[in-house]
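One structure is given below, encoded as structure tokens.
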Amino acid sequence: MPDSGICSTVGELWNATVVVALLNRSPHRRRATRARPPRHYTMELPQVQGRRPRCAQVLPPPVIPSGPRLWRTGDPSEAEVTRRPPTVNGGGFVVTDQDQRAVFSVDGCGIIGASGQLIVRDGDGNAILFIHKKGGVVQALCVNNWWRGYLTDYGEPSKLVFSLQDPKPVLCMKGDVQVTVEPKGRNRHWDYEVTGSFVQRACAIKNRAGQVAAQIGVKGMMAGRDFYQVVVQPGYDQAFVVGVIAILDNIHGESTRC
């Protein structure tokens, strides 16, 4: 082959190589063959010193408190209340179940030796609730009598679990007794109220929705002021109900009063 033909062939190969190199370096070629990884953007919320950024919250529906978590059952519990004679056992009363076993007892002034104080005990005689009536000059000027119920720890009051307000008679009229489960919520002033007549043993403890938590009534031939029945609905605390009954007993000057 002549030298001119060899040179021509070498020149064409060289030009082709240059063209391929230029194409690979072209920006259009690079965009087509090399894909950039996607970017992930993060945004930080502005924060004010000492405050957290506000965000939308879905609030649960309001829950009606069912009393302290002491003695609850899944079924309606029926109990009998028997008042103790003040001259024999210092007064107060005993709560028995359907098998005539003592499940609660309440000591009043005749045993404690101080007015305005009550102790609720379990079936073994252990103190579980200490209840007292507020006193003093400020209380005397209030339109309500206030009672406080505390859990006990080694026989001493340890934690406030409910409050009860007993309206004082105004112009010969008296309102319903209202109970608040502690700690008290921001938008509620009471959780339970007592309707009916405790003296006649025909009353009920109802929640804010009007549902009956406990019913007090008479049953049987021996029923009366000294012997009556209490039915606590499922999910409500029995000790809490007994504590409210103890205060009602004291308010009306019955077995827990001196």
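The values are calculated or read from the model by the stated rules, or taken from the named source; none is laboratory data. These numbers come from a predicted model, not from an experiment. Note: areas computed on protein heavy atoms with side chains; ligands, DNA, RNA excluded. Shrake-Rupley method; radii C 1.70, N 1.55, O 1.52, S 1.80 Å.
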**OP:** Show the residues, 5+ positions off or on another chain, whose built amide H is closer than 5 Å to the amide H of Tyr228.
**Re:** Val81
Original post:
Given Cα pairs under 8 Å that are at least 6 residues apart, what percent is the relative contact order of the stretch 73-252?
Top reply: 18 percent
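Once Rh is set to the Kirkwood radius over Cα pairs, what Stokes-Einstein translational diffusion coefficient, in µm²/s, holds for the stretch 73-252 at a temperature of 10 °C and a viscosity of 1.306 mPa s? Working shown, then result.
On the way: Rh = 16.8 Å.
Rounded to a whole number, D works out at 94 µm²/s.
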**OP:** List the residues whose amide H sits under 5 Å from the amide H of Cys203, counting only those 5 or more places along or on another chain, with H placed 1.01 Å from N in the peptide plane.
**Re:** Ser197, Ile216
**OP:** For the stretch 114-120, just list the computed ³J(HN,Hα) in residue order, Karplus coefficients 6.51, -1.76 and 1.60, θ = phi - 60°, integers in Hz, with x standing in for Gly and Pro.
**Re:** 9, 7, x, 10, 9, 10, 9
Original post:
Residues with amide H under 5 Å of Phe104's amide H, sequence separation 5 or more or different chain, H placed in the peptide plane at 1.01 Å from N; which?
Top reply: Val95
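Measuring with a 1.4 Å probe in the full set of protein chains, what accessible area per residue, in whole Å², belongs to the stretch 73-252? Mind dumping the intermediate values first?
Details: 9110 Å² over 180 residues.
Spelled out: the 1.4 Å probe surface of the stretch 73-252, per residue, equals 51 Å².
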